[in-house]
Amino acid sequence: MSVFLQIVQMALVLALAPLLTGFVRWVKSRLLGRRGAPPWQPYRDIARLLRKEVVLARNASWLFRATPYMMFTAIWLAAALVPTFTTQLALAPTADLIALIALLGSARFFLALAGMDIGTSFGGLGSSREMMIAALAEPAMLMVVFSVAILVRTTSLAEIADFMMSGAVGLRISLALALITLIMVAIAENARIPIDNPATHLELTMVHEAMVLEYSGRHLALVEGASMLKLLLYMALIACIFAPWGMATPAAGGGPFVLWGMATFVAKLAAGGVLLAVFETSIAKMRVFRYGEFLGGALLLSLLGAIFLYVSRGV
Amino acid sequence: MHNLGYDAAHLLGAVVLLMSFALLYQRRLFALLHVFTLQALALAAVAAWQGYIQNSPHLYVTALLTLGLKAILIPVALRRIIVKLNIHRAIEPALGIGLTMVAGVSLVTLSILLVLPVTEDSAALTREDLALSLGVVLLGLLMMISRRNAVSQVVGFMSIENGLILAAVGVAGMPLVVEMAVAFSVMVAFIIFGIFLFHIRERFDTLDMQKIESFRGESH
(Lines give C-alpha, C1' and ligand atoms only; values in the text may rest on other atoms or scores of the structure.)
Protein backbone atom coordinates (compact mmCIF):
# COMPACT_ATOMS: atom_id res chain seq x y z
CA MET A 1 0.00 0.00 0.00
CA SER A 2 2.66 2.47 1.04
CA VAL A 3 4.78 1.63 -2.02
CA PHE A 4 1.80 2.28 -4.25
CA LEU A 5 1.12 5.58 -2.50
CA GLN A 6 4.78 6.51 -2.88
CA ILE A 7 4.62 5.90 -6.64
CA VAL A 8 1.40 7.93 -6.84
CA GLN A 9 3.10 10.71 -4.91
CA MET A 10 6.11 10.77 -7.25
CA ALA A 11 3.85 10.87 -10.28
CA LEU A 12 1.65 13.50 -8.69
CA VAL A 13 4.46 15.96 -7.89
CA LEU A 14 5.90 15.51 -11.35
CA ALA A 15 2.52 16.09 -12.98
CA LEU A 16 1.53 19.07 -10.84
CA ALA A 17 4.83 20.99 -10.82
CA PRO A 18 4.56 22.59 -14.29
CA LEU A 19 0.90 23.34 -13.67
CA LEU A 20 1.77 25.17 -10.44
CA THR A 21 4.42 27.29 -12.16
CA GLY A 22 2.06 28.02 -15.04
CA PHE A 23 -0.72 28.87 -12.62
CA VAL A 24 1.48 31.36 -10.74
CA ARG A 25 2.48 32.98 -14.04
CA TRP A 26 -1.14 33.11 -15.16
CA VAL A 27 -2.34 34.73 -11.91
CA LYS A 28 0.53 37.21 -12.10
CA SER A 29 -0.29 38.28 -15.62
CA ARG A 30 -3.96 38.58 -14.67
CA LEU A 31 -3.00 40.83 -11.77
CA LEU A 32 -0.89 42.92 -14.12
CA GLY A 33 -3.84 43.30 -16.48
CA ARG A 34 -2.51 40.97 -19.17
CA ARG A 35 -4.28 37.90 -20.49
CA GLY A 36 -1.33 35.66 -19.88
CA ALA A 37 -0.49 32.23 -21.24
CA PRO A 38 -2.81 29.45 -20.04
CA PRO A 39 -1.68 27.64 -16.87
CA TRP A 40 -0.71 24.53 -18.85
CA GLN A 41 1.78 26.44 -21.01
CA PRO A 42 4.84 25.02 -19.10
CA TYR A 43 3.88 21.49 -20.28
CA ARG A 44 4.09 22.70 -23.86
CA ASP A 45 7.40 24.46 -23.17
CA ILE A 46 8.90 21.34 -21.70
CA ALA A 47 7.59 19.16 -24.53
CA ARG A 48 9.09 21.60 -27.04
CA LEU A 49 12.44 21.63 -25.25
CA LEU A 50 12.49 17.83 -25.15
CA ARG A 51 12.04 17.71 -28.94
CA LYS A 52 14.84 20.16 -29.63
CA GLU A 53 18.43 19.10 -30.07
CA VAL A 54 21.08 19.78 -27.47
CA VAL A 55 23.68 22.39 -28.35
CA LEU A 56 26.83 22.02 -26.31
CA ALA A 57 29.75 24.37 -26.02
CA ARG A 58 32.99 22.90 -27.35
CA ASN A 59 34.64 22.99 -23.94
CA ALA A 60 31.73 21.50 -22.02
CA SER A 61 32.88 18.70 -19.72
CA TRP A 62 30.99 15.60 -18.57
CA LEU A 63 29.95 17.56 -15.51
CA PHE A 64 27.98 19.99 -17.62
CA ARG A 65 26.12 17.16 -19.33
CA ALA A 66 25.54 15.13 -16.18
CA THR A 67 24.33 18.01 -14.00
CA PRO A 68 20.76 18.28 -15.34
CA TYR A 69 20.15 14.60 -14.64
CA MET A 70 21.72 14.70 -11.18
CA MET A 71 19.91 17.86 -10.25
CA PHE A 72 16.55 16.65 -11.51
CA THR A 73 16.92 13.30 -9.75
CA ALA A 74 17.95 14.88 -6.46
CA ILE A 75 15.08 17.36 -6.48
CA TRP A 76 12.53 14.80 -7.62
CA LEU A 77 13.63 12.48 -4.84
CA ALA A 78 13.42 15.36 -2.37
CA ALA A 79 9.92 16.18 -3.62
CA ALA A 80 8.97 12.52 -3.21
CA LEU A 81 10.06 12.62 0.43
CA VAL A 82 7.75 15.45 1.48
CA PRO A 83 4.35 14.05 2.43
CA THR A 84 1.79 15.79 0.25
CA PHE A 85 -1.54 13.99 0.50
CA THR A 86 -0.73 11.14 2.88
CA THR A 87 1.87 10.38 5.54
CA GLN A 88 1.94 6.66 4.74
CA LEU A 89 4.72 6.74 2.18
CA ALA A 90 7.24 3.97 1.60
CA LEU A 91 10.06 6.50 1.88
CA ALA A 92 8.61 8.05 5.05
CA PRO A 93 11.27 6.52 7.36
CA THR A 94 13.95 8.23 5.27
CA ALA A 95 11.97 11.46 4.88
CA ASP A 96 14.17 13.38 7.22
CA LEU A 97 14.34 17.17 7.07
CA ILE A 98 18.12 17.18 7.19
CA ALA A 99 18.32 14.64 4.35
CA LEU A 100 15.95 16.87 2.40
CA ILE A 101 18.21 19.89 2.86
CA ALA A 102 21.21 17.80 1.86
CA LEU A 103 19.49 16.69 -1.35
CA LEU A 104 18.60 20.27 -2.23
CA GLY A 105 22.11 21.40 -1.33
CA SER A 106 23.78 18.82 -3.57
CA ALA A 107 21.48 19.77 -6.47
CA ARG A 108 22.51 23.39 -6.01
CA PHE A 109 26.16 22.45 -5.72
CA PHE A 110 26.14 20.69 -9.09
CA LEU A 111 24.19 23.47 -10.76
CA ALA A 112 26.68 26.06 -9.52
CA LEU A 113 29.57 23.93 -10.80
CA ALA A 114 27.86 23.56 -14.17
CA GLY A 115 27.35 27.32 -14.29
CA MET A 116 31.09 27.79 -14.10
CA ASP A 117 31.96 24.86 -16.35
CA ILE A 118 31.68 26.61 -19.71
CA GLY A 119 33.63 29.58 -18.48
CA THR A 120 31.25 32.32 -19.56
CA SER A 121 31.13 35.39 -17.37
CA PHE A 122 27.37 35.13 -16.85
CA GLY A 123 27.62 31.56 -15.59
CA GLY A 124 30.31 32.44 -13.07
CA LEU A 125 28.35 35.48 -11.91
CA GLY A 126 25.21 33.42 -11.43
CA SER A 127 27.08 30.69 -9.59
CA SER A 128 28.79 33.06 -7.20
CA ARG A 129 25.50 34.79 -6.41
CA GLU A 130 23.72 31.48 -5.95
CA MET A 131 26.40 30.41 -3.48
CA MET A 132 26.09 33.72 -1.62
CA ILE A 133 22.33 33.18 -1.31
CA ALA A 134 22.84 29.55 -0.29
CA ALA A 135 25.37 30.45 2.37
CA LEU A 136 22.75 32.63 4.03
CA ALA A 137 19.59 30.65 3.27
CA GLU A 138 20.79 27.23 4.37
CA PRO A 139 21.64 28.17 7.98
CA ALA A 140 18.24 29.84 8.26
CA MET A 141 16.56 26.71 6.92
CA LEU A 142 18.53 24.53 9.35
CA MET A 143 17.52 26.79 12.25
CA VAL A 144 13.90 26.28 11.23
CA VAL A 145 14.50 22.53 11.23
CA PHE A 146 16.05 22.72 14.68
CA SER A 147 13.18 24.78 16.09
CA VAL A 148 10.62 22.35 14.73
CA ALA A 149 12.68 19.37 15.82
CA ILE A 150 13.03 20.65 19.39
CA LEU A 151 9.29 21.20 19.54
CA VAL A 152 8.19 17.94 17.95
CA ARG A 153 11.24 15.90 19.00
CA THR A 154 11.75 14.41 15.55
CA THR A 155 13.03 15.50 12.14
CA SER A 156 10.88 13.01 10.28
CA LEU A 157 8.40 14.88 8.11
CA ALA A 158 5.65 12.29 8.39
CA GLU A 159 5.82 12.34 12.19
CA ILE A 160 5.90 16.16 12.22
CA ALA A 161 2.76 16.24 10.09
CA ASP A 162 1.03 13.70 12.36
CA PHE A 163 2.04 15.66 15.43
CA MET A 164 0.82 18.97 14.03
CA MET A 165 -2.49 17.40 13.03
CA SER A 166 -3.00 15.99 16.51
CA GLY A 167 -3.37 19.59 17.70
CA ALA A 168 -1.03 19.16 20.66
CA VAL A 169 1.00 22.19 19.68
CA GLY A 170 -1.33 25.15 19.51
CA LEU A 171 -0.24 28.57 18.35
CA ARG A 172 3.37 29.23 19.09
CA ILE A 173 5.67 32.16 18.54
CA SER A 174 8.47 29.84 17.48
CA LEU A 175 6.31 28.22 14.83
CA ALA A 176 5.15 31.60 13.53
CA LEU A 177 8.75 32.79 13.26
CA ALA A 178 9.76 29.51 11.66
CA LEU A 179 6.97 29.90 9.12
CA ILE A 180 8.08 33.42 8.20
CA THR A 181 11.69 32.28 7.91
CA LEU A 182 10.77 29.30 5.78
CA ILE A 183 8.75 31.54 3.44
CA MET A 184 11.69 33.94 3.11
CA VAL A 185 14.06 31.06 2.43
CA ALA A 186 11.62 29.56 -0.08
CA ILE A 187 11.42 32.87 -1.92
CA ALA A 188 15.19 33.09 -2.10
CA GLU A 189 15.70 29.48 -3.07
CA ASN A 190 13.12 29.51 -5.80
CA ALA A 191 14.48 32.69 -7.35
CA ARG A 192 11.21 34.57 -6.83
CA ILE A 193 10.87 38.31 -7.02
CA PRO A 194 12.51 40.23 -4.24
CA ILE A 195 15.64 38.12 -4.77
CA ASP A 196 15.55 37.13 -8.42
CA ASN A 197 13.15 37.68 -11.26
CA PRO A 198 11.94 34.36 -12.70
CA ALA A 199 10.46 36.01 -15.80
CA THR A 200 13.50 37.67 -17.31
CA HIS A 201 16.56 36.59 -19.21
CA LEU A 202 19.72 38.57 -19.79
CA GLU A 203 19.39 40.99 -16.97
CA LEU A 204 22.35 41.91 -14.85
CA THR A 205 20.52 41.06 -11.64
CA MET A 206 19.55 37.51 -12.49
CA VAL A 207 20.83 34.54 -10.55
CA HIS A 208 19.20 31.28 -11.55
CA GLU A 209 18.80 32.11 -15.24
CA ALA A 210 22.44 33.19 -15.42
CA MET A 211 23.62 29.75 -14.41
CA VAL A 212 21.45 27.84 -16.86
CA LEU A 213 22.02 30.21 -19.77
CA GLU A 214 24.20 27.71 -21.64
CA TYR A 215 21.72 24.85 -21.44
CA SER A 216 19.49 23.85 -24.33
CA GLY A 217 17.21 21.06 -25.47
CA ARG A 218 16.45 18.23 -23.08
CA HIS A 219 19.06 19.49 -20.62
CA LEU A 220 17.21 22.77 -20.30
CA ALA A 221 13.93 20.86 -20.03
CA LEU A 222 15.33 18.94 -17.07
CA VAL A 223 16.71 22.07 -15.40
CA GLU A 224 13.43 23.91 -15.85
CA GLY A 225 11.51 20.88 -14.65
CA ALA A 226 13.74 20.69 -11.58
CA SER A 227 13.12 24.33 -10.69
CA MET A 228 9.36 23.81 -11.10
CA LEU A 229 9.57 20.76 -8.84
CA LYS A 230 11.52 22.82 -6.33
CA LEU A 231 8.75 25.42 -6.14
CA LEU A 232 6.19 22.68 -5.57
CA LEU A 233 8.48 21.04 -3.01
CA TYR A 234 8.78 24.18 -0.93
CA MET A 235 5.02 24.77 -1.01
CA ALA A 236 4.43 21.13 -0.05
CA LEU A 237 6.99 21.45 2.74
CA ILE A 238 5.36 24.58 4.17
CA ALA A 239 1.94 22.94 3.88
CA CYS A 240 3.23 19.72 5.45
CA ILE A 241 4.76 21.39 8.50
CA PHE A 242 2.41 24.29 9.13
CA ALA A 243 -0.92 23.27 7.60
CA PRO A 244 -1.04 19.48 7.33
CA TRP A 245 -4.80 19.30 7.79
CA GLY A 246 -6.59 17.10 5.30
CA MET A 247 -3.68 14.73 4.84
CA ALA A 248 -4.48 11.04 5.19
CA THR A 249 -2.99 9.56 8.37
CA PRO A 250 -2.29 5.94 9.30
CA ALA A 251 -5.25 6.10 11.68
CA ALA A 252 -7.63 7.27 9.00
CA GLY A 253 -6.86 4.49 6.53
CA GLY A 254 -6.96 4.66 2.75
CA GLY A 255 -9.59 5.09 0.06
CA PRO A 256 -11.65 8.26 0.40
CA PHE A 257 -9.17 9.79 2.86
CA VAL A 258 -6.38 9.59 0.30
CA LEU A 259 -8.60 11.24 -2.30
CA TRP A 260 -9.59 13.92 0.21
CA GLY A 261 -5.88 14.40 0.97
CA MET A 262 -5.20 14.96 -2.71
CA ALA A 263 -8.04 17.45 -3.01
CA THR A 264 -6.83 19.46 -0.03
CA PHE A 265 -3.26 19.31 -1.34
CA VAL A 266 -4.31 20.77 -4.67
CA ALA A 267 -6.34 23.42 -2.84
CA LYS A 268 -3.31 24.30 -0.69
CA LEU A 269 -1.13 24.58 -3.78
CA ALA A 270 -3.67 26.83 -5.46
CA ALA A 271 -3.87 29.06 -2.40
CA GLY A 272 -0.07 29.16 -2.17
CA GLY A 273 0.19 30.01 -5.86
CA VAL A 274 -2.27 32.88 -5.58
CA LEU A 275 -0.49 34.25 -2.49
CA LEU A 276 2.88 33.99 -4.21
CA ALA A 277 1.58 35.80 -7.29
CA VAL A 278 0.02 38.58 -5.20
CA PHE A 279 3.23 38.94 -3.19
CA GLU A 280 5.36 39.08 -6.30
CA THR A 281 3.27 41.70 -8.03
CA SER A 282 3.14 43.91 -4.95
CA ILE A 283 6.88 44.05 -4.29
CA ALA A 284 9.90 45.32 -6.18
CA LYS A 285 13.07 43.44 -6.99
CA MET A 286 15.82 43.94 -4.47
CA ARG A 287 19.35 45.08 -5.21
CA VAL A 288 21.91 42.30 -5.04
CA PHE A 289 23.71 44.01 -2.20
CA ARG A 290 20.61 43.80 -0.05
CA TYR A 291 20.24 40.01 -0.24
CA GLY A 292 22.42 39.77 2.81
CA GLU A 293 20.02 41.88 4.82
CA PHE A 294 16.96 39.95 3.64
CA LEU A 295 18.40 36.51 4.30
CA GLY A 296 20.34 37.64 7.35
CA GLY A 297 16.99 38.87 8.66
CA ALA A 298 15.55 35.42 7.96
CA LEU A 299 18.41 33.79 9.85
CA LEU A 300 17.95 36.10 12.83
CA LEU A 301 14.20 35.49 12.89
CA SER A 302 14.76 31.75 12.95
CA LEU A 303 17.30 32.23 15.73
CA LEU A 304 14.73 34.25 17.64
CA GLY A 305 12.23 31.44 17.08
CA ALA A 306 14.66 28.95 18.61
CA ILE A 307 15.24 31.29 21.56
CA PHE A 308 11.53 31.65 22.16
CA LEU A 309 11.17 27.89 22.38
CA TYR A 310 12.81 28.13 25.76
CA VAL A 311 10.65 31.02 26.87
CA SER A 312 7.33 29.53 25.90
CA ARG A 313 5.55 27.31 28.31
CA GLY A 314 6.16 23.60 28.28
CA VAL A 315 8.99 22.62 25.98
CA MET B 1 -2.24 21.12 27.16
CA HIS B 2 -2.66 24.46 25.48
CA ASN B 3 -5.39 27.02 25.70
CA LEU B 4 -6.38 29.41 23.00
CA GLY B 5 -6.45 32.50 25.20
CA TYR B 6 -2.84 32.09 26.23
CA ASP B 7 -1.63 31.14 22.77
CA ALA B 8 -3.33 34.00 20.98
CA ALA B 9 -2.13 36.59 23.52
CA HIS B 10 1.37 35.24 23.21
CA LEU B 11 1.28 35.28 19.43
CA LEU B 12 -0.10 38.82 19.23
CA GLY B 13 2.64 39.99 21.59
CA ALA B 14 5.17 38.36 19.31
CA VAL B 15 3.66 40.21 16.35
CA VAL B 16 4.31 43.50 18.16
CA LEU B 17 7.93 42.44 18.71
CA LEU B 18 8.25 41.33 15.11
CA MET B 19 7.03 44.74 13.98
CA SER B 20 9.80 46.30 16.05
CA PHE B 21 12.26 44.27 14.01
CA ALA B 22 10.50 45.34 10.84
CA LEU B 23 10.94 48.97 11.97
CA LEU B 24 14.68 48.37 12.26
CA TYR B 25 14.73 46.84 8.80
CA GLN B 26 12.99 49.68 6.95
CA ARG B 27 14.91 52.10 4.77
CA ARG B 28 12.18 54.51 3.80
CA LEU B 29 10.24 56.90 5.96
CA PHE B 30 6.79 56.08 4.60
CA ALA B 31 7.43 52.36 4.90
CA LEU B 32 8.55 53.04 8.46
CA LEU B 33 5.24 54.76 9.17
CA HIS B 34 3.31 51.85 7.64
CA VAL B 35 5.11 49.37 9.87
CA PHE B 36 4.54 51.61 12.86
CA THR B 37 0.82 51.65 12.06
CA LEU B 38 0.84 47.86 11.85
CA GLN B 39 2.57 47.66 15.21
CA ALA B 40 -0.06 49.91 16.75
CA LEU B 41 -2.81 47.75 15.22
CA ALA B 42 -1.21 44.62 16.68
CA LEU B 43 -0.95 46.38 20.03
CA ALA B 44 -4.61 47.34 19.92
CA ALA B 45 -5.44 43.72 19.14
CA VAL B 46 -3.33 42.61 22.12
CA ALA B 47 -5.14 45.05 24.43
CA ALA B 48 -8.57 43.99 23.20
CA TRP B 49 -7.71 40.29 23.49
CA GLN B 50 -6.32 40.76 26.99
CA GLY B 51 -9.49 42.63 27.89
CA TYR B 52 -11.46 39.66 26.63
CA ILE B 53 -9.50 36.93 28.45
CA GLN B 54 -8.97 38.90 31.66
CA ASN B 55 -12.60 39.98 31.55
CA SER B 56 -11.69 43.58 32.26
CA PRO B 57 -13.62 46.02 30.05
CA HIS B 58 -11.30 48.96 30.67
CA LEU B 59 -8.69 47.31 28.46
CA TYR B 60 -11.06 47.89 25.56
CA VAL B 61 -10.63 51.60 26.27
CA THR B 62 -6.86 51.10 26.05
CA ALA B 63 -7.34 49.28 22.78
CA LEU B 64 -9.47 52.10 21.40
CA LEU B 65 -6.97 54.73 22.59
CA THR B 66 -4.12 52.82 20.94
CA LEU B 67 -6.11 52.42 17.77
CA GLY B 68 -7.11 56.06 17.61
CA LEU B 69 -3.87 57.70 18.69
CA LYS B 70 -1.15 55.35 17.53
CA ALA B 71 -2.65 53.70 14.51
CA ILE B 72 -4.41 56.69 13.00
CA LEU B 73 -3.54 60.08 14.48
CA ILE B 74 0.24 59.87 14.92
CA PRO B 75 1.01 58.19 11.58
CA VAL B 76 -1.19 60.68 9.74
CA ALA B 77 0.43 63.60 11.57
CA LEU B 78 3.95 62.30 10.95
CA ARG B 79 3.13 61.77 7.31
CA ARG B 80 1.95 65.36 7.05
CA ILE B 81 5.15 66.56 8.73
CA ILE B 82 7.24 64.57 6.28
CA VAL B 83 5.34 65.92 3.29
CA LYS B 84 5.26 69.47 4.60
CA LEU B 85 8.93 69.63 5.53
CA ASN B 86 9.85 67.85 2.31
CA ILE B 87 12.26 65.53 4.11
CA HIS B 88 14.56 63.24 2.19
CA ARG B 89 12.58 59.99 2.25
CA ALA B 90 15.41 57.48 2.46
CA ILE B 91 16.70 56.62 5.91
CA GLU B 92 20.43 56.52 6.44
CA PRO B 93 21.13 54.25 9.37
CA ALA B 94 24.16 55.13 11.46
CA LEU B 95 24.91 51.42 11.79
CA GLY B 96 24.40 48.98 8.93
CA ILE B 97 20.99 47.32 8.81
CA GLY B 98 22.46 43.84 9.27
CA LEU B 99 24.45 44.95 12.28
CA THR B 100 21.40 46.63 13.79
CA MET B 101 19.39 43.42 13.38
CA VAL B 102 22.11 41.39 15.08
CA ALA B 103 22.14 43.91 17.92
CA GLY B 104 18.34 43.67 18.05
CA VAL B 105 18.34 39.88 18.42
CA SER B 106 20.98 40.14 21.15
CA LEU B 107 18.85 42.71 22.95
CA VAL B 108 15.78 40.47 22.81
CA THR B 109 17.84 37.56 24.13
CA LEU B 110 19.13 39.82 26.87
CA SER B 111 15.62 40.87 27.85
CA ILE B 112 14.49 37.23 27.97
CA LEU B 113 17.48 36.24 30.08
CA LEU B 114 16.81 39.18 32.34
CA VAL B 115 13.07 38.84 32.82
CA LEU B 116 12.68 35.10 33.20
CA PRO B 117 14.79 34.55 36.32
CA VAL B 118 13.42 37.66 38.02
CA THR B 119 9.75 36.78 37.60
CA GLU B 120 9.92 33.10 38.26
CA ASP B 121 6.91 32.88 40.54
CA SER B 122 4.44 34.87 38.42
CA ALA B 123 2.06 33.51 35.79
CA ALA B 124 3.55 32.28 32.51
CA LEU B 125 1.67 34.81 30.41
CA THR B 126 2.83 37.75 32.51
CA ARG B 127 6.42 36.62 32.35
CA GLU B 128 6.44 36.27 28.61
CA ASP B 129 4.58 39.51 28.10
CA LEU B 130 7.19 41.23 30.22
CA ALA B 131 10.01 39.63 28.22
CA LEU B 132 8.37 40.62 24.95
CA SER B 133 7.66 44.16 26.04
CA LEU B 134 11.15 44.68 27.41
CA GLY B 135 12.37 43.49 24.02
CA VAL B 136 10.16 46.06 22.26
CA VAL B 137 11.41 48.84 24.57
CA LEU B 138 15.06 47.95 23.97
CA LEU B 139 14.52 47.72 20.22
CA GLY B 140 12.92 51.16 20.30
CA LEU B 141 15.97 52.51 22.11
CA LEU B 142 18.20 50.81 19.56
CA MET B 143 16.20 52.45 16.81
CA MET B 144 16.65 55.86 18.40
CA ILE B 145 20.41 55.53 18.59
CA SER B 146 20.93 53.84 15.25
CA ARG B 147 19.03 56.32 13.10
CA ARG B 148 20.20 59.78 12.10
CA ASN B 149 16.90 61.16 10.93
CA ALA B 150 14.84 62.94 13.58
CA VAL B 151 11.53 61.53 12.32
CA SER B 152 12.71 57.94 12.63
CA GLN B 153 13.95 58.75 16.12
CA VAL B 154 10.45 59.94 16.96
CA VAL B 155 9.07 56.65 15.60
CA GLY B 156 11.59 54.82 17.78
CA PHE B 157 10.36 56.73 20.80
CA MET B 158 6.75 55.89 19.99
CA SER B 159 7.60 52.21 19.67
CA ILE B 160 9.22 52.33 23.12
CA GLU B 161 5.90 53.52 24.39
CA ASN B 162 4.20 50.66 22.53
CA GLY B 163 6.39 48.31 24.55
CA LEU B 164 5.29 49.97 27.78
CA ILE B 165 1.62 49.58 26.87
CA LEU B 166 2.28 45.95 25.99
CA ALA B 167 3.70 45.40 29.46
CA ALA B 168 0.81 47.28 31.06
CA VAL B 169 -1.97 45.29 29.40
CA GLY B 170 -0.26 41.98 30.17
CA VAL B 171 -0.37 42.55 33.92
CA ALA B 172 -3.80 41.84 35.32
CA GLY B 173 -5.23 44.63 37.42
CA MET B 174 -3.33 47.60 36.00
CA PRO B 175 -5.61 50.58 36.64
CA LEU B 176 -6.89 52.51 33.67
CA VAL B 177 -5.61 55.79 35.10
CA VAL B 178 -2.02 54.69 34.61
CA GLU B 179 -2.57 53.76 31.01
CA MET B 180 -4.46 56.95 30.29
CA ALA B 181 -1.65 58.94 31.86
CA VAL B 182 0.95 57.15 29.76
CA ALA B 183 -1.09 57.59 26.61
CA PHE B 184 -1.59 61.29 27.18
CA SER B 185 2.00 61.96 28.19
CA VAL B 186 3.03 60.35 24.93
CA MET B 187 0.55 62.54 23.10
CA VAL B 188 2.06 65.62 24.72
CA ALA B 189 5.54 64.34 23.89
CA PHE B 190 4.46 63.86 20.33
CA ILE B 191 3.16 67.41 20.06
CA ILE B 192 6.41 68.74 21.51
CA PHE B 193 8.35 66.58 19.08
CA GLY B 194 6.30 67.96 16.22
CA ILE B 195 6.97 71.54 17.25
CA PHE B 196 10.65 70.76 17.72
CA LEU B 197 10.91 69.16 14.32
CA PHE B 198 9.52 72.30 12.74
CA HIS B 199 11.86 74.52 14.71
CA ILE B 200 14.94 72.40 14.05
CA ARG B 201 14.09 72.41 10.41
CA GLU B 202 13.53 76.16 10.34
CA ARG B 203 16.78 76.91 12.13
CA PHE B 204 19.17 74.38 10.64
CA ASP B 205 17.49 73.44 7.36
CA THR B 206 17.88 69.72 8.03
CA LEU B 207 16.64 66.92 10.26
CA ASP B 208 19.80 64.88 10.00
CA MET B 209 21.21 64.68 13.49
CA GLN B 210 24.77 64.26 12.32
CA LYS B 211 24.66 67.57 10.51
CA ILE B 212 23.01 69.25 13.46
CA GLU B 213 25.75 68.05 15.77
CA SER B 214 28.24 70.25 13.97
CA PHE B 215 26.22 73.28 15.10
CA ARG B 216 27.01 72.56 18.72
CA GLY B 217 30.42 74.06 18.22
CA GLU B 218 32.33 70.91 19.01
CA SER B 219 35.01 70.43 16.44
CA HIS B 220 35.34 66.90 15.12
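Candidate membrane-span-like segments in chain B, meaning DSSP H helices with Cα atoms spread over at least 15 Å of their own axis and a Kyte-Doolittle mean of 1.0 or above, are B:4-25, B:29-54, B:74-85, B:97-118, B:124-146, B:150-170, B:176-204, with no membrane implied. Here A:Tyr43 and B:Ala77 are evaluated by their C-beta separation; at R0 = 60 Å the FRET efficiency comes out at 0.65. Working from label points 7 Å from Cα in the Cα-to-Cβ sense, the A:Arg290 to B:Glu120 distance is 4.6 nm. Using a probe of 1.4 Å on the protein chains alone, the accessible area found for A:Ile283 is around 70 Å².
When only the heavy atoms of the protein chains count and the probe is 1.4 Å, how do B:Met158, A:Met1 rank by accessible area, highest first?
Of B:Met158, A:Met1, the descending order of accessible area is A:Met1, B:Met158.
The label-point distance for A:Thr281 and A:Ser2, in a model that sets each label 7 Å from Cα toward Cβ, rounds to 4.3 nm. Taking every Cα-Cα distance in chain A and sorting them into 20 Å bins from zero, the calculated P(r) comes out as 32, 59, 8, 0 percent.
Using the Cβ of B:Leu207 as centre and a radius below 14 Å, the other residues enclosed give a net charge of +2, where K and R count +1 and D and E count -1.
Relative contact order of segment A:1-76, taken over Cα pairs closer than 8 Å and 6 or more residues apart, is 25 percent.
Across segment A:140-153, rounded Karplus estimates of 3J(HN,Hα) from the backbone phi angles (6.51 cos²θ - 1.76 cosθ + 1.60, θ = phi - 60°) give 4, 4, 5, 4, 4, 4, 5, 4, 5, 5, 5, 6, 8, 6 Hz, Gly and Pro being marked x. Given R0 = 30 Å, the distance between the Cβ atoms of A:Val266 and A:Ala168 translates into a calculated FRET efficiency of 0.65. Taking only Cα atoms, what is the 0 to 90° angle, nearest 10, from helix A:256-281's long axis to the longest principal axis of chain A? Helix A:256-281 and the main axis of chain A meet at about 50 degrees. When the convex hull of its Cα atoms is viewed from all sides, segment A:62-138 shows a mean projected area of 5.7 nm². Let a ≥ b ≥ c be the square roots of the eigenvalues of the Cα gyration tensor of segment A:207-315; is it rounded (a/c under 1.5), or, if not, prolate (a/b larger than b/c) or oblate? Cα axes put segment A:207-315 in the oblate bin.
Normalised by the number of residues in chain A, the average gap of Cα pairs under 8 Å and 6 or more apart makes the relative contact order 30 percent.
Label positions at B:Ala90 and A:Leu31, each projected 7 Å from the Cα along the C-beta direction, are separated by 2.6 nm.
When a/c is below 1.5 the answer is rounded, else prolate if a/b is larger than b/c, else oblate, so apply that to the protein assembly as shown with a ≥ b ≥ c taken from the square roots of the Cα gyration tensor eigenvalues. Since a/c reaches 1.5 but b/c is at least a/b, the shape of the protein assembly as shown is classed as oblate.
Listed by chain and number, the lysines placed with their C-alpha closer than 28 angstrom to that of A:Lys230 are A:Lys28, A:Lys52, A:Lys268, A:Lys285; residues fewer than eight positions away on the same chain are left out. I need the shape label for segment A:1-120. Rule: rounded when a/c is under 1.5, else prolate if a/b > b/c, else oblate, with a, b, c from the alpha carbon gyration tensor. It comes out oblate by the Cα gyration axes.
Where does chain B land on the Kirkwood hydrodynamic radius, alpha-carbon pairs, in angstrom?
Working: mean 1/r = 0.0556 Å⁻¹.
Result for chain B, one decimal place: 18.0 Å.
Each residue of segment A:283-298 was assigned a 3J(HN,Hα) from its phi angle through the Karplus expression (A = 6.51, B = -1.76, C = 1.60, θ = phi - 60°), giving 9, 9, 5, 8, 6, 4, 6, 9, 4, x, 5, 4, 6, x, x, 4 Hz with x at Gly and Pro. For the protein assembly as shown, adding -39500 (n - 2.57) for each run of n ≥ 4 DSSP H residues and dividing by the number of residues yields -24500 deg cm²/dmol at 222 nm.
For the pair segment B:1-22 and segment B:59-105, the centres of their Cα atoms are 21 angstrom apart. Taking 0.36 nm per residue of separation and subtracting the Cα-Cα distance, full extension of the segment from B:Met209 to B:Val171 would add 10.0 nm.
Relative contact order of chain B: 22 percent, from C-alpha pairs under 8 Å at least 6 residues apart in sequence. The angle separating the long axis of helix A:62-81 from the principal Cα axis of greatest extent in chain A is about 20 degrees. Panel values: segment A:229-270, Kirkwood radius from alpha carbon pairs, Stokes-Einstein at 37 °C and 0.692 mPa s, translational diffusion coefficient 310 µm²/s. Spatially, segment A:230-252 and segment A:114-169 are offset by 16 Å when compared through their Cα centroids.
The values are calculated or read from the model by the stated rules, or taken from the named source; none is laboratory data. Here the structure is a predicted model, which is why all the values come from computation and not from measurement. Neighbour counts run over all protein chains shown; Cβ positions are idealised from the backbone, glycine included. Heads up: the accessible areas ignore ligands, DNA and RNA and are worked out on the full protein's heavy atoms, side chains in. Shrake-Rupley method; radii C 1.70, N 1.55, O 1.52, S 1.80 Å.
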